[in-house]
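Notes for the one structure printed next.
The values are calculated or read from the model by the stated rules, or taken from the named source; none is laboratory data. A quick note: this is a predicted structure, and the numbers were derived from the prediction, not measured. Cβ atoms come from the backbone with ideal geometry, glycine included; neighbour counts cover every protein chain shown.
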Amino acid sequence: MELDSKAPETRRQYLDHFKRFSEKEGLTSEDIYSLYSTEGPQQKHELEARLKRHMRAMKDSGYSASTCRMPYKALSSFFEAQGLNFSLKAKDRPRGQSNGQRRAKKDQIQKLYDYVSPEFRLRNRALITFFKDSGLRSSDAAALNVEDYRRSRLKVHEGEKFRIFDPFETKKTGHIAYIHIGPEAIEDLDNYLADRARKMGGEVPGKAPLFAIRGGERFSNCAVSNLIFRMAKHLGDEGRKISAHSLRKFHTTELESEMNSSGIAKLQGKSISGSWAPYSLPEGDGEAFEPDKLTEAYCRAYKVLRIRDSKSQEDQERDKEIERLQTALERVKSGRDLEMDALKAQVHDMGEKLDRSLRYRLNEVKPRDLADRLAVIKERGVQNVQLTSFGSFEELSPEERNEIIEMLGPLTRKAFDAEMEQAEAEKEQEKASMERLDAESDAEMERLKAMKERLDAEIERWRKEHGHEG
């Protein structure tokens with residue numbers, strides 16, 4: 001085939017543009033070949049007209065002239081491989097640069113979003129995400145009121161919120177726009193309106209403009225465009241041709257990979273003419289227009305409009321739950337460590353109390369009795385015991401301690417045994433408390449660990465189902 005002589009990247013681009021054209025026109029490769037291989041000129045002219053319309057639409061969307069010529073080159077290569085010559089007149093091929101404003105790229109929109117100045121940060125971010133989510137003209141965005149947003153219908157799709165406005169008559173053409181916005185614009189609009197209400201000390205009136213300048217007045221069409229243009233200047237050379245209309249072009253070109261032109265035109269309030277006029281559904285089946293199908297198509301396609309790596313509300317709630325569980329786990333660990341330290345301190349204090357008690361019992365014995373009993377001890381062969389040794393009882397060996405205790409008399413022995421039994425009981429009680437606390441803490445940690453594993457597994461399952469990685 002003729003494509004074999006092309007570089008790999010060129011082959012990929014030709015095939016991609018050929019596929020886009022055939023899908024947009026609802027033609028198979030056999031249909032395209034049949035239209036041009038017949039001897040009648042009418043079929044050839046039909047194919048040429050479709051191709052020219054397709055390239056004009058690309059140019060209107062902000063593609064460069066060289067990119068707009070790619071479908072023509074792809075078809076030429078296709079027919080050359082079939083032994084046919086396909087050619088358009090030079091005047092019918094896109095030439096020169098696009099008409100001033102280019103479509104904004106996703107990374108450029110993200111930079112615009114991050115740049116906005118602190119004073120009007122909430123408003124400007126809401127404007128940026130509203131434009132790229134809705135694809136409206138600046139004149140239409142400026143004409144919207146707060147009540148238009150409040151009346152919009154809420155739809156939850158796969159855990160994310162979407163809003164569908166009432167049919168809106170556009171200012172420039174009078175065509176009806178079926179305005180849809182996704183979770184990014186909704187979040188920014190809610191934050192912006194909440195801030196306005198806080199500054200006003202009450203709810204923002206329904207008749208107030210959805211986007212307002214200082215003092216609450218309505219934006220003019222030029223003011224909106226100039227605002228985006230001023231912000232885009234901070235992108236340097238890449239922002240030189242970025243405007244509010246560039247965000248509309250972004251909306252168009254990104255959705256083209258997910259929806260057909262009739263559905264996008266309905267969203268933006270464009271007219272549907274020519275061969276697209278009978279097709280009012282996103283699926284292009286020629287039936288009467290059904291807004292719910294348009295909404296479903298928009299929700300499914302929203303992934304291409306997203307500029308932030310945002311998570312669904314469900315993911316955010318799960319992250320919060322995991323964070324709460326981790327905090328609780330740390331609190332349990334910390335509490336257990338504190339109780340362990342307290343128990344160790346109690347055991348240490350108990351040992352000191354026992355030693356003090358033994359010294360006290362020895363000090364109660366009269367010196368004469370001590371001397372007599374010391375003599376008995378010496379007679380039994382414990383030669384290293386001195387009278388002064390009783391002042392530091394802990395220095396004696398266990399045998400010496402037992403000998404002295406035996407000689408202190410039955411009452412002292414009984415009292416000592418009682419103290420020892422009480423001390424042992426307290427030790428056992430403290431030991432049981434420590435074991436119980438350890439068991440409860442371990443059980444709680446296992447429960448929290450199991451819950452976290454379940455949440456992690458559920459999040460991973462959700463991400464795989466919806467095409468999110470990592």
For Ala141, are the conditions met, namely being touching a helix residue (DSSP H, G or I) at 6+ places or on another chain (Cβ under 8 Å), assigned to a helix (DSSP H, G or I) and closer than 22 Å to Lys270 by Cα? yes
Kindly indicate whether Ser34 is touching a residue at least 60 places away in the same chain (Cβ under 8 Å) and outside the structural domain of Lys132 (by TED's automatic domain parsing). no
State yes or no: is Asn226 of a type in the set (S, T, N, Q) and without any contact (Cβ under 8 Å) to a residue 60 or more places away in the chain? yes
Flag if Lys44 is among the charged types (D, E, K, R), more than 30 Å from Ser243 (Cβ to Cβ) and surrounded by 14 or more Cβ atoms within 10 Å (Cβ to Cβ): yes
List, please: which pairs have Cβ atoms under 9 Å, are six or more places apart or on different chains, and start with a residue in region 457-470 that is of a type outside the set (Val, Ile, Thr) and end with one that is modelled with pLDDT of 80 or more and part of a helix (DSSP H, G or I)? His466/Lys303; Gly467/Lys303
If we keep just the residues of region 129-153 that are among the aliphatic types (A, V, I, L, M) and modelled with pLDDT of 95 or more, which is surrounded by the fewest Cβ atoms within 10 Å (Cβ to Cβ)? Leu144
Please state which of the following conditions Lys91 fails to meet, knowing it meets all the rest: (1) modelled with pLDDT under 85; (2) in a loop (DSSP other than H, G, I, E, B); (3) farther than 20 Å from Lys303 by Cα. (2)
